[in-house]
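A short write-up of the structure that comes next.
The values are calculated or read from the model by the stated rules, or taken from the named source; none is laboratory data. Computed from a predicted model, the values in this text were never measured in an experiment. So basically every Cβ, Gly included, is an ideal-geometry build from the backbone, and we count neighbours across all protein chains shown.
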Amino acid sequence: MTSTPRPPKNLVAALLFLSGATALVYELVWSKYLGNVLGNSGQAHAVVLATFMGGLALGAFVFGRTADRVKNPLALYGVLELGVGLYALAFPYVLGALEHLWLALAPHVPEGLRVAPRLLVSSLSLVVPTLLMGGTLPALVRHFAASLASVRKELARLYAINSLGAAVGVYVAGTRLVPLVGLSASAQIAAALNVFLALAALALARRHPPAVVVGAAPGAEDVAYPRRAVRAALIGVMLSGFTSMLYQVTWIRLLAIVLGASTYAFTLILTAFILGIGLGSFWLMTRKEGGDSLKLYGWTQVGLVLSLCVALPLYVRLPHLFRWSEWMLTRAVETWPIFQGVTFAFCCAVLLVPTFIMGVAFPAAARVATAKVSEVGRELGGVYLWNTAGTLSGSVLGGLVLMPFWGMQGNFIAGAVANLVAAGLAFHALSATKEGQGAPAVVPAWRTLLPVGVAAVLAAVVLGGMHGWPQRLSGIAAVRAYQKPPESYAKLVEDTERAIEPRFYEDDTFASVMVGDLTSESLRFMKINGKTDATNGGDIETQVMAGHLGVLLHPRDPKNVLVVGSGAAITTGSVLAHPVERLDMVEISPAVIEAARLFKADNRNAVDDPRTHVHIDDAKTFMALAPIQYDLIVSVPSNPWVTGVSGLFTRDFFQLVDKHLTDDGVLVQWIHTYESNTELVKLVMRTLHDTFPHATTWLGPEDLVMVASRKPLSFDAAAVAARMARPDVKADLARVEIHDLFGLLSKQVHTEEGQKDFAGEGPINTDDHNLLEYASPVAFFLANLDVRVKDERRSPELGPGLLLHQYLREHPPTAEQVAGLYRNVERYHSEKNPVVRGVAALWHSLAPEDPAAALALGRTVLAQGDLTLAASLLEPEVARGGRSPELVTEYLKLVTARTWASRTVWTPVDANGALEVAREVVARHPQDKKLQKAFKAYCESLPPGACGSPPRAPTAAPGEP
C-alpha cells in the first residue's frame, strides 16, 4: 500500500522556529502591556512571568493529551497557531476590559496583598494564548513520533529549534521591531505571522497524512525507563526549572549592575539566556544514541554547579572589564552597534555555558519520562507540568522572597544546593535501577555519588570563600566610563575601598541598593543597581528645588502632595519644609526607603515624618488606585534610559496625573539634559504640553524642572516671598545658595511661550510607542554633556517674559544679592556657561571696587578664553597685594595661557614677577590642590629649570600658628 510522503522535516521545523520567535515577541509585548496596567514593580513582573510560564505548561499538559488522540497532530499545531494569532489581535480589547476589573477589585485589597488581583487579571488575559502556545511543541513531537527512539531524538531537535527561534524573536522584538513600530503594531505583525504559520501547517497536514497510527504499539527497540528513574527525572525537571529561574533572576540583576539596566541590556541578557538553552538542546540532538539519559541529566546538574564555581570569580571582575571595553570605544552613533556587540559578548560570557547545560538537561530528563509512543503527548505534557512547577516557584520565590531574604549570594547558593540534590537523586536512581535489574559488578553508592560530593565541596569552598561579593560588585560598578579605568582589577578594588566607606547594602525584589561615603569629599551617595542615583553633594540643588518650586508657585498652600520616586528623599524633605498636611511617597524599591533613612541629616528625616506615607509600588498603579486627589504631584524618577522609567514620561502617565490633580493642581516634573540630546528633551516637553497647556522650565543647565498646570499660574511676588521667609523653608533653600526671591527667579529657564517654542512640533511619547525608552540608552552611550535648550536667560535683557525681568523693574538687585546668586551659579554651572559670566559681570558692575567681584568675573572670562579682559581684572588685584590662593590660582592660569600663546623656542620668558608671587603663596598653602595644579602647569610653560625646586612652607616662629 502506497502512502503519501511525510512533509519535509526542515519545513515543519521552520514553522516551529518562527512560532518560537512570535511567542517571545508576544511575551515582550504583553509583558509591557500588563506592566502599564498592573505596574512595573518586582511583584508585578513575577506575576506576569509566572502566569506566562504556567499557561505554557498547562497548555502542554492539556494539548499533549489531545495530540495523542487526534488523527493529524500537524493539523492540531496549525489550529493552535491560528488561535494564538487571532487572540493576539483581540488582546488589547481583552486587556481593556480586564483593566476595569483590576480598577474595581484592587482598591478593596491592602497594598501588600494586591498580588491576588494582579494574578487574576494576568491569568485571565494570558491563559488562552499561553495554553495554545504550550500545545504546539507536544503536537509536533507527536507528529514525528515514529518510534520511541525517534521521539527522544526529535524532542531535543524540536526543543532546540523552538528555543533558537525564541532567541531570535526576543532579539528582533527588543532591538528592532518594538522600537520602530511600537507595541500594538509589533503584536499585529506577530499575529499575521501566526496566521501564515497556521495556514501553512494546515496545508501541509492536508497533503501529508500522519506518520503514526493513533494507538500504535511501541516497537521492539522502544525500551522504557523504570518507574524509579522516571520519578527521579520528573523531580529533577522540577528542581531544574526552579534553579533555571532562580539563576535567571539573579543573573539579570548581576548584569544590570555591570552593564546598566537599559531595555537593550535586558533584551540581550534574555537573548543570550535562550540562545544557550537552544544550543544545548541542539548539541544533544547531534549526540549519538546509546548513552544513558538519566546519567547525562545527573552530570548536567553537577556541571551547572562546577560552572558556577568557575564563573563566580569572573563575575566580580566584570565591572572592571566592561569599563575598559567602554573606554576603548569612541562614543559615536557608528560605534553603538559595536557597543551592543560588546554588551552581548559579556552576556554570553556569563550565561552561555550554564544555559547550554540547562538546554541539555531538560530534553535529557524528558527522554527518561517518555515511555510510550502512543502517549508521548501526555507524557511530554506531564514533564512540562513538573518543570513549570519549578519555574513558577523559581520566578516567584526567587524574586519576591529569596532575593530580599538573602540576596544574590544566597540565590546562587540555593541554586547550587538544588542542582546537587537533583544530581544525587538521578545518580541514586540510576544505581538502584541497575541493581534491581541484576546488573553485575554494581558500583557502590558512595562512588555513584562521588561527583556530587566533589561538586559540593568545591561549591562550599568557592561560594563560602567569596562572602560579600555582591557589595563589592556594586561598589566598583560604574555605568559611566568617562575616565580611564585602573590598570587592573586589584587596583580598582584597592582604590574603591580606600575612597569609599560602605554604609548600607541590600538586595530586594526590584534593585540592589548601596549607600557609601566618599570620605575625601565628605559626600554620601546612593547606588541603585550600580548606578549613582542620589547624593548629598553635586545634585542636591536639583533635589531641593524640585521640592520647593511646586509649593512656592502654587496658587495656594498645597495640603495633599504626592512624590513619585524617593531616592535619598531630599526632595520629599524639602516639600515637608512647608505646612503640607499629607505626603504620599511612592517608591518601587523597599531597599531605597531603608537607604534613604541614612540621609536623615539631608532630608530632614522625611521618611519618618508623621505626615509621610510610604507606598512600595509602581507609580502608575498607585495613582490609578489612589482614592484622593492631590494639590501637588512631584515626579522625580531615575533617568529614562533605565528600564521601566521612561513610562513616567509618556502621555498616558501625564493624563493619569491630570486625573489625580485638583482643579488648581500643579505637576513638577524632572528631566535631565546630560547624556541626552536636544530632540529627547523636546520630546518630553512636547508630551507634557499635550496634557498640560501651561508649563515653565526652571533650574538648568544639566537638570531641568518643569512646573505644569492645566490653568495658568499667576505669579504673586509677595505671597512667594512670604512662603520663602518661613524658617524651615529659608534654611532649606539657603544650603543651595537661594536666599531671596531674586535668587529663586534667577533659576527660570523658559517662559510658557519659550518652552512651547523650544519643544516645537513633532511626535508624542506614549505607552504604545515609547520613543524615549529606546532612544535614551543610545543618547546615554553617546554621553553628550552639553545639550542646549534655548535658555532664555541668555537672551538680551534677561528674556523679556521671564518672571525675573518683571521683578527687577521694581526691585533692582543689590551687590550682596548678586554675590549670593553668583555663588549659586558658580557652584552648579560650568564656568564656560554665559549665565555665570552674566551674573559675574552684573556683580562687578554693582561693586567695581570689590576684589571678590573682580576675581569672580576674571575667573569666568579666563575660562572662556578672554585673556585681555581677565588680565585687566586680575593683574591689578595682584599688584595691590592680593595673595589669596583663589586669586593667585587664577592669576597663574592667566600667565600660563599668555605664555603658551606667545612662546617659541626663540622667545625669552620673563617670569620673575609671577614666579615670585606663585612661590610665596604656594609655600603657604601646600594643601591647596587647585593652586598646586595651577603652579605645576605654569612651570611647564617656562624653560626647563626656571621654577627650580618646589617651594617649601616657611618655618613658623615659636608661638606662631
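Annotation note: of Leu397, Leu392, the sole residue that is at pLDDT below 90, out of contact with any helix residue (DSSP H, G or I) (no Cβ under 7 Å at 6 or more places or on another chain), closer than 26 Å to Asp507 by Cα and buried (at least 17 other Cβ atoms within 10 Å of the Cβ) is Leu397. Among the residues that make up segment 20-28, is at least one of them within 19 Å of Gly83 (Cβ to Cβ), among the hydroxyl-bearing types (Ser, Thr, Tyr) and either touching a helix residue (DSSP H, G or I) at 6+ places or on another chain (Cβ under 9 Å) or at pLDDT below 90 (or both)? Yes, because at least one residue in segment 20-28 is within 19 Å of Gly83 (Cβ to Cβ), among the hydroxyl-bearing types (Ser, Thr, Tyr) and either touching a helix residue (DSSP H, G or I) at 6+ places or on another chain (Cβ under 9 Å) or at pLDDT below 90 (or both).
The one condition from (1) at pLDDT 95 or above; (2) crowded, with 16+ Cβ neighbours inside 10 Å that Pro763 does not meet is (2). Close Cβ contacts (under 9 Å, 6 or more residues apart or on different chains) running from residues in segment 623-648 that are within 16 Å of Asn36 (Cα to Cα) to residues that are of a type in the set (S, T, N, Q) and in a strand (DSSP E or B) comprise Leu648/Ser635; Leu648/Gln669. All of Leu625, Leu648, Leu562 fail the test of being surrounded by fewer than 22 Cβ atoms within 10 Å (Cβ to Cβ) and either modelled with pLDDT under 95 or under 26 Å from the mean Cα position of the chain (by Cα) (or both), apart from Leu625. Residues that are of a type in the set (A, V, I, L, M) and more than 20 Å from Ala546 (Cα to Cα) within segment 657-684 comprise Leu680, Leu683, listed in sequence order.
When segment 853-881 is examined, which residues are found to be under 21 Å from Arg823 (Cα atoms), β-branched (Val, Ile, Thr) and out of contact with any Asp or Glu (no Cβ under 7 Å at 6 or more places or on another chain)? If the condition is that a residue be under 21 Å from Arg823 (Cα atoms), β-branched (Val, Ile, Thr) and out of contact with any Asp or Glu (no Cβ under 7 Å at 6 or more places or on another chain), then Val861 is the only one that fits.
Flag set for Val657, criterion: modelled with pLDDT of 95 or more, in the same structural domain as Ile540 (by TED's automatic domain parsing) and not acidic (Asp, Glu). The set of residues in segment 289-328 that are over 21 Å from Leu463 (Cβ atoms), more than 23 Å from the chain's Cα centre (by Cα) and either at pLDDT 95 or above or assigned to a helix (DSSP H, G or I) (or both) comprises Ser293, Leu294, Lys295, Leu296, Tyr297. The combined condition, being among the charged types (D, E, K, R) and outside any helix (DSSP H, G or I), is not fulfilled by Lys600. All conditions but one from (1) surrounded by fewer than 18 Cβ atoms within 10 Å (Cβ to Cβ); (2) closer than 25 Å to Leu552 by Cα apply to Glu594; the one that does not is (2). Hey, any hits in segment 807-824 for a residue that's part of a helix (DSSP H, G or I), within 34 Å of the chain's Cα centre (by Cα) and not assigned by TED's automatic domain parsing to the domain that holds Thr673? Checked against the condition, which is being part of a helix (DSSP H, G or I), within 34 Å of the chain's Cα centre (by Cα) and not assigned by TED's automatic domain parsing to the domain that holds Thr673, segment 807-824 yields at least one hit.
With the condition kept exactly as written, say whether any residue in segment 57-69 is at pLDDT below 80 and either surrounded by fewer than 21 Cβ atoms within 10 Å (Cβ to Cβ) or outside any helix (DSSP H, G or I) (or both). Within segment 57-69, one or more residues are at pLDDT below 80 and either surrounded by fewer than 21 Cβ atoms within 10 Å (Cβ to Cβ) or outside any helix (DSSP H, G or I) (or both).
So that you can scan it fast, the table gives a plain yes or no per residue for (1) more than 19 Å from Pro812 (Cα to Cα); (2) surrounded by 14 or more Cβ atoms within 10 Å (Cβ to Cβ); (3) of a type outside the set (D, E, K, R):
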| position | (1), (2), (3) |
| --- | --- |
| Ser709 | yes, yes, yes |
| Ser714 | yes, no, yes |
| Val720 | no, yes, yes |
| Pro727 | yes, no, yes |
| Asp732 | yes, yes, no |
| Leu741 | no, yes, yes |
| Lys747 | no, yes, no |
| Thr751 | yes, yes, yes |
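Considered as a group, the residues in segment 783-818 that are surrounded by 14 or more Cβ atoms within 10 Å (Cβ to Cβ) and basic (Lys, Arg) include one that is modelled with the lowest pLDDT, and that residue is Arg794.
Reported count of residues in segment 603-656, each being aromatic (Phe, Trp, Tyr), touching a Pro at 6+ places or on another chain (Cβ under 9 Å) and not in a strand (DSSP E or B), is 2.
Would you say Thr542 is within 16 Å of Arg597 (Cβ to Cβ) and outside the structural domain of Ser522 (by TED's automatic domain parsing)? So Thr542 does not fit the description; no.
Of the residues making up segment 190-198, at least one is within 28 Å of the chain's Cα centre (by Cα) and either crowded, with 22+ Cβ neighbours inside 10 Å or not assigned by TED's automatic domain parsing to the domain that holds Leu140 (or both).
Restricting segment 872-887 to residues that are of a type in the set (A, V, I, L, M) and at pLDDT 90 or above, the residue that is farthest from Glu920 (Cα to Cα) is Leu873. Under 7 Å between Cβ atoms, at least 6 apart or on separate chains: pull out the pairs that start in segment 115-133 with a residue that is under 29 Å from Ala67 (Cβ atoms) and in a helix (DSSP H, G or I) and end on any residue that is modelled with pLDDT of 85 or more and hydroxyl-bearing (Ser, Thr, Tyr). Matching pairs, first to second residue: Val128/Tyr87; Pro129/Tyr26; Pro129/Tyr87.
Is it true that Leu180 is over 17 Å from Phe362 (Cα atoms) and at pLDDT 90 or above? So Leu180 fits the description; yes. With respect to the conditions (1) in a helix (DSSP H, G or I); (2) loosely packed, with under 14 Cβ neighbours inside 10 Å; (3) modelled with pLDDT of 85 or more, Leu869 falls short on a single one, namely (2).
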